[in-house]
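**Q** Sharing a structure here in structure tokens format.
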Amino acid sequence: MRKTLAWLHRWSALLAGLVLALLGLSGSLMVWQAEIDAALNPAWFAAQPARCSALPAAPAAPAAPVARVLAVLKQAAPAARPAIVVAPQQAGAAHQVWERRDAASGLRREHFIDAQCGLYLGQRLRGAVRLDRAHAVPLLYELHSRLLAGDEGHLVVGATGLVLAGLTLSGLWLAWPRQHSRAAWWRALTVKAGSAPARWWYDLHRASGLWLAPLALLLSLTGAALVFDDSTRAMVSAVLPSQWLPRMAAAMTPATPATPATPATPAAGPLLAPDALLAVATAHFPQAAWSRLSLPTRQQPVAEVRLLQPGEPRADTGSTRVRIDGQGRIAAVHDPLRGPAGNTVVDWLFPLHSGEALGLLARLLWSLFGLLPALLLGSGLWLWWRRTRAHTRTLTRTHTGARRAAVPAAAQAPRRDQAPG
């Protein structure tokens, strides 16, 4: 069994190693995606006090900032179809307006608007392969989550996470010391200095895998759970009490003539203003700050406001949700701080996978761990290549020796008429 497991571990790692290394290296950077995006695009993600000073008159703070953002967008990009408004994470920075993903290309246009100055700052196309400052972080995100291959790549990422979990468990079994002595564990968990290259790489491969196995299991399983979210919810619901909100299909599903919007009762009167929707949600959670607003439509008049409450594990956008119908009444609420146990488990998946729920040290450790798949792949490839080369040399020597032994001694000695001179 050990020999079979070693064979499976080796070849599974060699076949999936490149994808694992790619996901690990991109994940090391994705831990800091907000900081990297802000550093590359300060005009969008940082407050710019001098921006409004260039206007003829200093504008006052808008009473309805989201309405102003949408009005500026309509003037600057009349063809835009806004679906989600994203609040700035830093006061004075730009609001974002996301359109729906295009059904054919899978791309989504994101607009940046300064609500204070009433200025349109620019746009980018999420999912597009463009090597510039504006698209660097979205490109990195699409690489890490979809391998730049759409929904099919997303499934490959999830399957690769399950492969990593299997490799971690099989590696633990293979590296576990057969003798449970202190000396055996010391040899398993350390790299012997001054040893031969083959021994040094083997020790490094085994020790790094043992030390980081718990983190490998955590990140691989949470990553796979985020990809296969429907299956995850079903399994969690089977063992823990859960209460899921129906998906908001209208906000993010690509709108095409062949794919109509989610069936719903069309709004009879005017839709509630976006800032009024935010007021309803923040009145329900007075201590929370809104992070995203999924806009209602005539066909889908239910809006969703996403908020961040103090104490939530997801520190970037929060997991609190309030759904509001066309008349301004609260239709559904998800409170991650007071939800059922199953909802709590699912709400923790992303904050654990990104490291944001555990603070700065965890994010640093997560970034370090992202180097592990590339390290294990490199060391595993070197050990496999060395083993294969040694095996080939042994076979060559054995084959040569067998051929020589098969040749009669008389045939090996030169004949008299062939003797030199």
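The values are calculated or read from the model by the stated rules, or taken from the named source; none is laboratory data. The structure presented is a predicted model; accordingly, all values stated were derived computationally and were not measured. Cβ: placed from backbone, ideal geometry, glycine included. Neighbour counts: every protein chain shown. All accessible areas refer to the heavy atoms of the entire protein, side chains included, with ligands and DNA or RNA removed. Shrake-Rupley method; radii C 1.70, N 1.55, O 1.52, S 1.80 Å.
**Q** Sum -39500 (n - 2.57) across every DSSP H segment of at least 4 residues in the chain, then divide by the residue count to get the 222 nm mean residue ellipticity, nearest 500.
**A** The per-residue figure over the chain is -16500 deg cm²/dmol.
**Q** Over the chain, what percent of the accessible surface lies on carbon and sulfur atoms, probe 1.4 Å?
**A** Carbon plus sulfur share of accessible area: 64 percent.
**Q** Moving to a separate point now. State the answer as a single residue: which of Q116, W11, A76 lies farthest towards the positive end of the charge dipole of the chain, with beta carbon charges of +1 for Lys and Arg and -1 for Asp and Glu, about the Cα centre.
**A** W11
**Q** Could you sort M1, M235, M30 by accessible area so the largest value comes first, with the probe set to 1.4 Å?
**A** Solvent-accessible surface, decreasing: M1, M235, M30.
**Q** Same structure, new question: Local charge sum around P301 (other residues, Cβ-Cβ under 12 Å, Lys/Arg +1, Asp/Glu -1)?
**A** Here the count lands on +1.
**Q** Let me ask something else. Taking +1 at the Cβ of each Lys and Arg and -1 at the Cβ of each Asp and Glu, which of P274, A357, V302 sits farthest along the dipole of the range 265-368 towards its positive end, judged by Cα position relative to the Cα centre?
**A** Looking along the dipole axis, the top candidate is V302.
**Q** Let me ask you something else. Just to be sure I follow: if Rg is taken over the C-alpha atoms of the range 76-159 and Rh is the Kirkwood radius over the same atoms, what is Rg/Rh?
**A** Taking Rh as the inverse mean 1/r over Cα pairs, Rg/Rh reads 1.02.
**Q** Still on this structure, please answer the following. Averaged per residue, what accessible area in Å² does the chain show with a 1.4 Å probe, protein chains only?
**A** For the chain, the per-residue accessible area is 56 Å².
**Q** Where the only charges are on Cβ atoms (+1 Lys, Arg; -1 Asp, Glu), what is the dipole of the chain about its Cα centre, to the nearest 20 debye?
**A** Using only the charged Cβ atoms, the result is roughly 2320 debye.
**Q** May I pose another question? Cβ under 12 Å from G158's Cβ, G158 left aside: what net charge do those residues give with Lys, Arg +1 and Asp, Glu -1?
**A** -3
**Q** Taking K and R as +1 and D and E as -1, what net charge do the other residues with C-beta under 10 Å from the C-beta of P351 add up to?
**A** Charge balance near P351 sits at -3.
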